[in-house]
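The values are calculated or read from the model by the stated rules, or taken from the named source; none is laboratory data. All values derive from a computational prediction rather than experimental measurement. Ideal geometry is used to build each Cβ from the backbone, glycine not excepted, and the neighbour counts take in all protein chains shown. Protein only, heavy atoms only, side chains kept; ligands, DNA and RNA dropped before computing areas. Shrake-Rupley method; radii C 1.70, N 1.55, O 1.52, S 1.80 Å.
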Amino acid sequence: MIKIKTPKLKTLESIKLHLDALFTGAKEAIKPGTITIEYPRERRKLPDNFRGYILFSPERCKSCWQCSFVCPANAIKMELASNNRYYPSIDYAKCIFCHFCIDTCPVTALKPTKIHDVVYKDLEEMYTPTELMVKPPKIVREEEVTVEYVMDGDIILKKSKELDELFPEIEPHVEIKEHSVCIDPESCIACGICEHSCPVEAITRETIGQERHLRIDIEKCYGCGICVRSCPMHVLKLVRIREEKA
Amino acid sequence: MSNTSSDTAAVETLEWKVRIPKKRIKDKAWMDLKKRVIDTGLCSHCSACAFVCPVQGIISLPDRGIDFPDWEERCIDCEGCLRVCHRWEYTPLSDLGEYIELIAAKSKRFKGQDGAMVTEFMASALEMGIIDRAIFVGRDEEWRPKIYHIRSVEQLRDTRISGTKYSYASVLPELKEAIRVTKKGIGVVGTPCIVTGLRKIQKEFKIFKDKVKLVVGLFCMENFYYDQLRAYLEKKGVDMRKLVKMDITRGKFIATMPDSEISFPVKEMDEIVPHGCERCTDFTDVLADVSVGSVGSKVGYSTVVVRTEIGKEILDYIREKRYAEFSNVIPDVIDKLIKLKKKRIKNIPGEYLTVAYKKDTEK
Ligand SMILES: Cc1cc2nc3c(=O)[nH]c(=O)nc-3n(C[C@H](O)[C@H](O)[C@H](O)COP(=O)(O)OP(=O)(O)OC[C@H]3O[C@@H](n4cnc5c(N)ncnc54)[C@H](O)[C@@H]3O)c2cc1C
C-alpha cells in the first residue's frame, strides 16, 4: 500500500500558499468566475471534428457495407430498402461515436454533425432506421449565445451572439474504386449466384457445351461487393482498380 | 477489402471457365441425381451434394436419406451435386489398398472405441501444427451424431467425441465453414463413403485439396439411419440415454449400458441396412491417408493402415513421443471382411458402373 504523506513545507512557503488561497476566496466573493455553460440557453462551440449524430445521404451510398463491417460496437445494420439496395441504420444504444463509419465510407455518404443532445424515451427508440438518418433529429433549441472556451493560462469563456454551425462541411473522401475479381477459378461451382446478385449485370455466365464461361465486366462493376458476399465458395474478392500510370 | 487467407499469391482473373458434367436427363440437375443415385438405392449418404448445394436446398435426413424437398423452385441447376457425387459415376473401390505400414496400436493418452488411434492421429496432427481444426463425429445424450469442430487436444478427452456412432453423420457439409476459418489446414474423420465423397470434392474444388491436410478413414461394413437404428435398439430394450457404448464385433451388435449389456447377431439388422451400404465394396477406406479399424488386432487395440507420407510423418511423431503402444496385425481377419464386402459388387447393376471400372475388372 502506498501512503500519501503530507508534504513538508517550509514556513515561508506555507504562508504564501495560505495567502494565495485567501486571495482566490476574496476574488470569487466579489466577482464569481464560473466555467459552466448555461445549457440549453447557451451553446458550446464545438470543434469541427466533433463526433456527434450521424447523417446519411442515400443518393451517394453504393451499399458497400464497409460502415457496418468497421463498426466496432456492431451498431450499424444494413437494411433492405424498397429499391432493393442495402442502406445502413444505426442503433444509438450501441453507437460509441467513434465515427469510423464516416471515415471508412468511400463515397462520403455518412456525415458528422455536432448534435449531441438527442433525447430518447426508451432503448427501442434509439434504433434509428435509414429514413430517420437522412435529416437531423428534431430538437427544440433555445440557444441564443455561443460560448467558446479559450485556454490562456486560465480558462476564459468567450461569448458571442453568432450561433455555431451544427453541420460542418467535411471534405469529400477520395473515392476508392474497386471491382470484383475471381481469386480461385478452380474452386468455382459456376452456379451463377454472382450473376443473379449483381445489380448492374457486370457478371455474365454462358454455357457453351460442357463448359461454363464466366466474365466480370469491370466497366460495369462498381465494386458494391454483393457478389463477393453471396458466392457460396468464396472465390470472389474486391480489389482496387490499379492506378493508371501517368 | 482484406482477405485473411492471402498467404499465397492469389490469381486474380476476370474470365474463367468451369467444366460441368453431361446430364443424363433434360430436367434440372437435382432430378438427374435423384433418379440415378437416390431412387436406385445407390446413394451412400456421404452428403457431398448437401455440402456443395449453393442454395443449401439439399438436406440429409436422419430417417431416410438425402432429399431436396422444394427443388422445383429452388434448384438452380448448377450441377454441383453431379460433380461431387461419387456414385453418379460409380467406380467401386475395394481391397486393402496401398499402404506404407500396417500395424496395431493403442493410444496411451485417449480412450476410444478400440485403441483410440483415430483420436491419437488427429491430436498429434494438431500438436504438430499440420492442422488447426479437425471435424469429429460426437454425439448428444441420445446418441444422435453431432459434429464437433476440434481445435485443441484437450477437447478430445471428451469420450462423447471419440467412439463409434453407428449412424450417418453430416460431416462434409461442415467443410465450407471449417475451410473459411482455418489457417493451417483441417483434418477430417470419416467412413469410406465420406472419404470417397471428400476426395471427389477435392478433385473438383481446389481449395479443399489445399486445405484438407489429413483424412483419417474408418473400416466399415455398414452404417444406419439414426431414427431406424434407434427404433430397432429400443425394441431390443436399449435405453439410448443410458447407453455408454455400441460396438459390432464378431458378428454381434453389442449395446453396453452401465449395469447391463444387450447383444444380438448383426445379421438380424439386415432389414435396416441402408441400400447405399449394400452397394458399397470398400471396407478399409482405401482413399484415406490413414485407415483405422477394429478387426485385425487384439482387444483394446486399433488396426492402423498408414497409406500416405503425411500419415507416416504423424505415425513417426507418435512413436517418437511414445504416445502409443504397438502390436502386430492379424491380416487374415481383415482379408476375410474385405472379401465379404467385395461380394456386394453383385448388388450394383452393371449399367451404373463406370467404363473405367468395367475395363479394370475385365483384365
Ligand atoms: C459406421 C461405422 C462402422 C464401422 N464398422 C467397422 C467394421 O465393420 N469393422 C471394423 O473393424 N471397424 C469398423 N468401424 C471402425 C471402428 O468402429 C472404430 O471406429 C475404429 O476401430 C477406430 O477406433 P478408435 O478407438 O481408434 O477410434 P476413436 O479414437 O474412438 O475415434 C472414433 C472416430 O470415429 C468417428 N466416428 C464415429 N462415428 C462416426 C460416424 N458415424 N461417421 C463418421 N465418423 C464417425 C469419430 O469422429 C471419431 O473420430 C466402423 C466405424 C463406423 C463409424
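Pick out the one residue from A:Ile193, A:Ile226 that is within 9 Å of chain B (Cβ to nearest Cβ) and either surrounded by fewer than 17 Cβ atoms within 10 Å (Cβ to Cβ) or not acidic (Asp, Glu) (or both).
Numbers: A:Ile226 fails: within 9 Å of chain B (Cβ to nearest Cβ).
Criteria check complete, one pass: A:Ile193.
Quick one: which of B:Asp95, B:Asp114 is touching a residue at least 12 places away in the same chain (Cβ under 8 Å) and either within 13 Å of the ligand (Cβ to nearest atom) or in contact with a Gly (Cβ under 8 Å, 6 or more places away or on another chain) (or both)? If you could, list the steps in order and put the result at the bottom.
Working: B:Asp95 fails: either within 13 Å of the ligand (Cβ to nearest atom) or in contact with a Gly (Cβ under 8 Å, 6 or more places away or on another chain) (or both).
Matching residue, one of B:Asp95, B:Asp114: B:Asp114.
Report whether or not B:Val306 is surrounded by 23 or more Cβ atoms within 10 Å (Cβ to Cβ), away from the ligand (no atom under 11 Å from the Cβ) and more than 19 Å from B:Asp210 (Cα to Cα). Explain how you work it out, then say what you get.
On the way: surrounded by 23 or more Cβ atoms within 10 Å (Cβ to Cβ): yes; away from the ligand (no atom under 11 Å from the Cβ): yes; more than 19 Å from B:Asp210 (Cα to Cα): yes.
Against the criterion (surrounded by 23 or more Cβ atoms within 10 Å (Cβ to Cβ), away from the ligand (no atom under 11 Å from the Cβ) and more than 19 Å from B:Asp210 (Cα to Cα)), B:Val306 qualifies.
Might you check whether a residue that is touching a Gly at 6+ places or on another chain (Cβ under 7 Å) and either of a type in the set (Asp, Glu) or without any contact (Cβ under 8 Å) to a residue 60 or more places away in the chain (or both) occurs anywhere in the range A:221-228? Even if it seems obvious, please write down each step before you answer.
The initial filter retains those residues of the range A:221-228 that are touching a Gly at 6+ places or on another chain (Cβ under 7 Å), namely none.
The answer is no, given that none of the residues of the range A:221-228 is touching a Gly at 6+ places or on another chain (Cβ under 7 Å) and either of a type in the set (Asp, Glu) or without any contact (Cβ under 8 Å) to a residue 60 or more places away in the chain (or both).
Please list, ordered by residue number, the helices (runs of 4 or more DSSP H) wholly in the range B:46-152 having 2 or more residues that are within 14 Å of chain A (Cβ to nearest Cβ) and buried (at least 24 other Cβ atoms within 10 Å of the Cβ).
On the way: elements: B:48-52, B:71-74, B:80-84, B:117-128.
It comes to B:48-52, B:80-84.
Among the residues of the range A:173-184, is there at least one that is within 14 Å of chain B (Cβ to nearest Cβ) and open to solvent by 40 Å² or more (accessible area, probe 1.4 Å)? Break it down stepwise before answering.
From the range A:173-184, those within 14 Å of chain B (Cβ to nearest Cβ) are A:176-184; that's our starting set.
Subsequent filtering for residues that are open to solvent by 40 Å² or more (accessible area, probe 1.4 Å) retains A:176-177.
Checked the range A:173-184: at least one residue is within 14 Å of chain B (Cβ to nearest Cβ) and open to solvent by 40 Å² or more (accessible area, probe 1.4 Å).
Just for the range B:281-303: of the residues that are of a type outside the set (D, E, K, R) and away from the ligand (no atom under 11 Å from the Cβ), which one is farthest from the chain's Cα centre (by Cα)?
Residues of the range B:281-303 that are of a type outside the set (D, E, K, R), as a first pass: B:281, B:283-284, B:286-288, B:290-297, B:299-303.
Restricting the remaining residues to those that are away from the ligand (no atom under 11 Å from the Cβ) gives B:281, B:286-288, B:299.
Details: B:Thr281: 14, B:Val286: 11, B:Leu287: 10, B:Ala288: 9, B:Val299: 23 Å.
The residue in question is B:Val299.
Of all the residues that make up the range A:142-162, how many are touching a strand residue (DSSP E or B) at 6+ places or on another chain (Cβ under 9 Å) and either in a strand (DSSP E or B) or open to solvent by less than 80 Å² (accessible area, probe 1.4 Å) (or both)?
13
So how many residues does the range B:117-133 have that are within 13 Å of the ligand (Cβ to nearest atom), over 15 Å from B:Phe219 (Cα atoms) and out of contact with any helix residue (DSSP H, G or I) (no Cβ under 8 Å at 6 or more places or on another chain)?
0
Conditions tested, residue by residue: (1) away from the ligand (no atom under 16 Å from the Cβ); (2) more than 14 Å from chain A (Cβ to nearest Cβ); (3) farther than 24 Å from B:Ile59 by Cα; (4) of a type outside the set (S, T, N, Q).
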{"residue": "B:Ser167", "(1), (2), (3), (4)": "no, yes, no, no"}
{"residue": "B:Lys176", "(1), (2), (3), (4)": "yes, no, no, yes"}
{"residue": "B:Ile186", "(1), (2), (3), (4)": "no, yes, no, yes"}
{"residue": "B:Val195", "(1), (2), (3), (4)": "no, yes, no, yes"}
{"residue": "B:Asp210", "(1), (2), (3), (4)": "yes, no, yes, yes"}
{"residue": "B:Gly217", "(1), (2), (3), (4)": "no, yes, no, yes"}
{"residue": "B:Leu229", "(1), (2), (3), (4)": "no, yes, no, yes"}
{"residue": "B:Lys245", "(1), (2), (3), (4)": "no, yes, yes, yes"}
{"residue": "B:Met257", "(1), (2), (3), (4)": "yes, yes, yes, yes"}
